[in-house]
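Visitor: Dumping the structure here so I can ask a few things about it.
The values are calculated or read from the model by the stated rules, or taken from the named source; none is laboratory data. Quick caveat, the model's predicted, so the values are computed rather than measured. Neighbour counts run over all protein chains shown; Cβ positions are idealised from the backbone, glycine included.
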Ligand code: FRU
């Protein structure tokens, strides 16, 4: 009997142990991605280096995000395409690496399309291929001092992006012209001309190609040598139509990332609004327009596969000036929030793009607190502004103001409007800044691009290591990384004449499970 009891006790113990294992697993999972500075509601790779978003495509209810990834270090290295998926563009699930370097080179940036008519023949009519179009970068060629080391290749997936095969006829566009910078193909299906159209950058301009089948490409035209910003090399183009909000007029937008040469230093994204007749892009503007005046929104492009006029954008939330030096250890870099791009026109600004977080972000707000007004000298406090959003308006005529986030260590992050009619963001004393000479070099300045209405609306999203500020629904935007030594807990408003009204402060749910 005694023996039986011992055996029973042993079984119970083993049973208990088995029962506790899943609990431990849950505990481990909940602790995932809570390292210092790990964004809690922005996409980051699980570990190691990330730069540009690639192959943004929506298919069968799933948003795919591929990205420039070096899985062996937290600095840039031989490029792969990492992969993640999402149902709502906010929460992401990490997937296995999609594309690995091969004998033709590293896998640089590019796009993805669903070849639903199987024009490429790489799938079947019943199971059409998802096709990735990317740049091959051959290190050996570069090292040998040649100029033809960037070419374009394609790969395809017959299982919704889970596994990929390179096309055996790669490269599909070779580099005959000895063009050193020849990269970042963005492809879409042009319904008007019933062919694939590719935009590619070649140093100081964009090139447009067409193809019936994604394999054979013909150069159609070029754009940009004598227009726009040229402080650095052109990268990551994107061409798409958009209807002007509140009108029937449709225009084409061409995004071009440029590094260096952005208005506040280093990498940034300019855009052109104009017409595309299926062959040639003709701009309607002479001045340079910028999508974002912060220094941390680069190489952003939009999704393929969404409805007309649904332009959804993701950018890389860093800058080549200091991307390799930011103070994180397990992973490096995040993406911006997914944003909707909309096109607008008014007398003051002509045609202009707004970018603002996708509506699904509203499902992540909780613990909302409302404050009627904030006047000169008023302060608020919170346990952690680095997981919150603030929405408010500045009613009436805009006047100079300063909004300061601070913490117990005297780090401060300031945002405001100055007497020259500019918005500004000052992260020079925002915490860790000395990992690079350029990170805290200067205050970031933006011209006030505003809607016609008098009240100015402002939304601020702050995560563990970033701030995104959207003025008037994204007419003027700042996206900036920040590394406070401890989270911001105080908010102070100063202004002689302006006030803040309808201030709502909400926490944002973390996306990692
Ligand atoms: C932009 C970029 C692209 C290139 C990729 C390489 O950040 O320089 O032009 O394809 O990064 O990782």
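A quick yes/no check of all residues on (1) surrounded by 23 or more Cβ atoms within 10 Å (Cβ to Cβ); (2) without any contact (Cβ under 8 Å) to a residue 40 or more places away in the chain; (3) farther than 21 Å from residue 371 by Cα:
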position: 429; (1), (2), (3): no, yes, yes
position: 458; (1), (2), (3): no, no, no
position: 462; (1), (2), (3): yes, no, no
position: 479; (1), (2), (3): yes, no, yes
position: 486; (1), (2), (3): no, no, yes
position: 492; (1), (2), (3): no, no, no
position: 495; (1), (2), (3): no, no, no
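Visitor: Being within 16 Å of the ligand (Cβ to nearest atom) and either at pLDDT 95 or above or not in a helix (DSSP H, G or I) (or both) narrows it down to one residue among 53, 46; which is it?
Guide: Sole residue among the options that is within 16 Å of the ligand (Cβ to nearest atom) and either at pLDDT 95 or above or not in a helix (DSSP H, G or I) (or both): 53.
Visitor: Assuming residue 322 fulfils every condition listed in (1) modelled with pLDDT of 95 or more; (2) more than 16 Å from the ligand (Cβ to nearest atom); (3) out of contact with any helix residue (DSSP H, G or I) (no Cβ under 7 Å at 6 or more places or on another chain) apart from one, which condition is it?
Guide: Here residue 322 clears every test but (2).
Visitor: Before we move on, is residue 215 away from the ligand (no atom under 16 Å from the Cβ), at pLDDT 95 or above and surrounded by fewer than 15 Cβ atoms within 10 Å (Cβ to Cβ)?
Guide: In short, no.
Visitor: With respect to residue 447, determine if the residue is in contact with a strand residue (DSSP E or B) (Cβ under 9 Å, 6 or more places away or on another chain) and closer than 20 Å to residue 290 by Cβ.
Guide: Yes: the conditions hold for residue 447.
Visitor: Ok, one more. Across region 292-306, what is the total count of residues that are within 14 Å of the ligand (Cβ to nearest atom) and surrounded by fewer than 21 Cβ atoms within 10 Å (Cβ to Cβ)?
Guide: 0
Visitor: Here's another thing I want to ask about it. How about region 228-266: which of its residues are surrounded by 15 or more Cβ atoms within 10 Å (Cβ to Cβ), more than 16 Å from the ligand (Cβ to nearest atom) and assigned to a loop (DSSP other than H, G, I, E, B)?
Guide: Hits for region 228-266 are 228, 263, 264.
Visitor: For region 307-319, which residues satisfy the criterion of being away from the ligand (no atom under 16 Å from the Cβ), assigned to a loop (DSSP other than H, G, I, E, B) and within 17 Å of the chain's Cα centre (by Cα)?
Guide: 310
Visitor: Contact list please: Cβ distance under 6 Å, first residue in region 171-183 and in the same structural domain as residue 257 (by TED's automatic domain parsing), second residue part of a loop (DSSP other than H, G, I, E, B) and within 13 Å of the ligand (Cβ to nearest atom), pairs at least six apart or on different chains.
Guide: 175/182; 179/202; 181/203; 182/202
Visitor: Being closer than 21 Å to residue 480 by Cβ and buried (at least 22 other Cβ atoms within 10 Å of the Cβ) is the filter here, so list the residues in region 327-351 that pass it.
Guide: 332, 333, 334, 335, 336, 337, 338, 339, 341
Visitor: Still on this model: Can residue 423 be described as assigned by TED's automatic domain parsing to the domain that holds residue 469, closer than 27 Å to residue 450 by Cβ, touching a residue at least 24 places away in the same chain (Cβ under 8 Å) and in contact with a helix residue (DSSP H, G or I) (Cβ under 8 Å, 6 or more places away or on another chain)?
Guide: no
Visitor: So for region 94-110 (the condition being in contact (Cβ under 8 Å) with a residue 24 or more places away in the chain, away from the ligand (no atom under 12 Å from the Cβ) and under 22 Å from residue 307 (Cβ atoms)), does at least one residue qualify?
Guide: no
Visitor: Residue pairs, Cβ under 8 Å, 6 or more apart or interchain, first in region 136-159 and over 19 Å from residue 66 (Cα atoms) and not assigned by TED's automatic domain parsing to the domain that holds residue 121, second more than 12 Å from the ligand (Cβ to nearest atom) and in a strand (DSSP E or B). List them.
Guide: So the pair list comes out empty.
Visitor: For residue 274, all conditions in the list (1) crowded, with 21+ Cβ neighbours inside 10 Å; (2) assigned to a strand (DSSP E or B); (3) away from the ligand (no atom under 16 Å from the Cβ) hold save one; what is the number of the exception?
Guide: If we test residue 274 against (1) crowded, with 21+ Cβ neighbours inside 10 Å; (2) assigned to a strand (DSSP E or B); (3) away from the ligand (no atom under 16 Å from the Cβ), just (1) comes out false.
Visitor: Restricting the search to region 142-181, which residues are more than 27 Å from residue 56 (Cα to Cα) and within 15 Å of the ligand (Cβ to nearest atom)?
Guide: The answer is 142, and nothing else.
Visitor: Please specify each residue of region 464-477 satisfying the condition of being under 19 Å from the mean Cα position of the chain (by Cα) and surrounded by 19 or more Cβ atoms within 10 Å (Cβ to Cβ).
Guide: Of everything in region 464-477, those that are under 19 Å from the mean Cα position of the chain (by Cα) and surrounded by 19 or more Cβ atoms within 10 Å (Cβ to Cβ) turn out to be 464, 465, 466, 467, 468, 469, 470, 471, 474, 475, 476, 477.
Visitor: Shifting gears a bit: What residue, among those in region 182-204 that are away from the ligand (no atom under 14 Å from the Cβ) and not in a strand (DSSP E or B), is farthest from residue 119 (Cα to Cα)?
Guide: This residue is 192.
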